[in-house]
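Throughout, read-outs are computed from the coordinates displayed, never taken from laboratory work. Here the structure is a predicted model, which is why all the values come from computation and not from measurement. Here Cβ is always computed from backbone atoms with ideal geometry, including for glycine, and neighbour counts include all displayed protein chains.
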Amino acid sequence: MTKREFLKTSAGIASAAVFYPLDQLMPEVAHLSLEEVAKDERFWKKIRKGYRLKPDYINLENGYYCITPQETLERYIEHAREVNYQGSWYMRTVQWDNKDGVATRLAKLIGAEADEVVITRNTTESLDTIIGGYPWEAGDEAVFAAQDYGAMRIMFEQVAQKYGVVNKIISIPNHPKSDEELVALYENAITPKTKLLMVCHIINITGHILPIRKICDMAHRQGVEVMVDGAHAVGHFQFSIQDLDCEYYGSSLHKWLSAPLGAGLLYAKKGSNAKIWPRFADWKEPEDLRRLNHTGTHPVHTDLAIGNALDYLEKLGLERKEARLRYIQNYWTDKVRKHPNIIVNTPVERHRSCAIANVGIKGMKPHDLAKTLLDKYKIWTVAIDETVVHGCRITPNIYTTTEELEVFVEALKELGAA
């Protein structure tokens with residue numbers, strides 16, 4: 001089957017897809033091990049039918065925004081209709097209780113206390129709230145990596161200009177020798193003037209999962225607070241915020257939790273948020289994390305739909321989802337890692353990555369690679385060309401098939417042989 005025939009066939013299947021409610025599907029795999037479920041293509045193709053997917057290309061760029069499954073999307077639309085129907089009665093009565101209820105469920109998912117988590121619009125809002133509201137003084141220092149997300153790096157640049165903060169920037173190797181090497185990079189940048197260290201739970205451009213607890217333990221021994229960028233972590237793989245032991249954590253729920261666009265969370269450990277200056281004024285007490293969460297009137301139906309995204313994840317099971325995502329990433333990376341002209345910018349160790357990986361072709365600029373993959377092979381990706389990362393970020397999702405990944409692998413091998 002040619003690539004064109006494959007895409008045409010896939011489009012026909014997608015348009016004629018039968019919707020399988022998750023409740024009906026899960027008994028089929030309840031008796032299987034995680035490894036067996038991860039490899040069960042028949043099951044995941046049924047999962048795929050619960051999504052409305054554009055047939056024009058193979059979507060390997062789910063990292064920006066994970067498409068919402070139809071089950072969640074329909075509930076989101078229902079919430080929008082219901083809020084519109086109830087009007088200001090809803091806004092003046094139950095909106096806050098409902099939002100707090102969903103935040104409590106999010107807290108349970110990440111292993112936090114209910115009053116340590118609030119709903120935001122995205123990771124940028126969450127973490128920039130902490131950076132911008134931190135009680136900086138001239139000469140204070142912040143430590144972060146060149147591979148961190150641009151919005152937060154720019155926010156640190158702004159507080160440097162405003163308060164005289166000194167930013168210490170390190171660089172994370174794509175293929176570290178050990179956890180200790182990574183911890184030492186951060187430790188060597190810390191001085192007695194360091195107040196806050198930012199670290200990615202999973203680096204968005206490479207998929208590299210960092211040893212957060214070891215970094216936090218090191219920082220705490222030196223009296224430094226830690227803020228973790230978990231934009232790609234919640235709903236992607238299992239973790240407990242208690243095990244990480246950081247002071248602040250932000251995530252985008254429209255990524256791997258597959259909530260509708262404009263959903264995020266902010267975690268602040270008890271006792272850590274009172275010193276943060278709110279971006280928007282609120283009447284709550286300094287100890288109440290919700291004082292950092294005042295954004296005025298906003299689309300509250302999105303908050304409600306986060307609960308439906310949690311329902312979907314709970315039915316599927318985060319363990320099963322993580323196993324599948326790690327399996328499909330290694331499915332394609334294992335096939336190209338030893339190719340002399342293909343460069344995988346993601347660690348080979350299984351525990352250092354999950355769904356996300358990054359790949360480049362020797363002698364080919366990332367933007368040229370992304371354009372060629374789309375124009376010639378109908379594969380949608382995103383080019384990354386910064387710091388030590390030069391390639392395309394590849395982010396399949398649970399609906400991605402191994403047949404699609406085979407098309408991608410063959411495209412890389414053809415380009416690598418050119």
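Brief remarks follow.
- Percentage, to the nearest whole number, of Cα pairs in the range 212-349 over 17 Å apart: 71
- Packing, taken as the mean count of other beta carbons within 10 Å per residue, orders the peptides 280-292, 37-49, 114-126 from highest to lowest as 114-126, 37-49, 280-292.
- What you get for the chain, charging only the Cβ of Lys and Arg (+1) and of Asp and Glu (-1), is a dipole of about 1000 debye around the Cα centre.
- Share of Cα-Cα pairs in the chain lying beyond 42 Å, as whole percent: 15
- The range 206-278 and the range 19-64: distance between their alpha carbon centers, rounded to Å: 28
- Translational diffusion coefficient (Stokes-Einstein; Kirkwood radius from C-alpha pairs) of the range 284-399 at 25 °C, 0.890 mPa s, in µm²/s: 142
- Taking every alpha-carbon pair within the range 163-282, the share separated by more than 23 Å comes to 35 percent.
- Treating r as the C-beta distance of Leu34 and Thr93 and R0 as 35 Å, the FRET efficiency rounds to 0.20.
- Here r is the Cβ-Cβ distance between His367 and Asp179 and R0 is 25 Å; the resulting FRET efficiency, rounded to 0.05, is 0.15.
- Proximal aspartates and glutamates relative to Lys162, as straight alpha-carbon distance under 16 Å, when same-chain residues fewer than 8 apart are discounted: Asp128, Glu137, Asp140, Glu141
- The peptide list 198-206, 364-372, put in order of mean Cβ contacts within 10 Å with the highest first, becomes 198-206, 364-372.
- The translational diffusion coefficient of the range 74-233, from Stokes-Einstein at 4 °C and 1.567 mPa s with a Kirkwood hydrodynamic radius over alpha carbon pairs, comes to 73 µm²/s.
- When each of Lys46/Lys321; Lys168/Lys195; Lys338/Lys371; Lys168/Lys270; Lys108/Lys269; Lys45/Lys321 is checked by Cα-Cα distance, pairs over 19 Å: Lys338/Lys371; Lys168/Lys270
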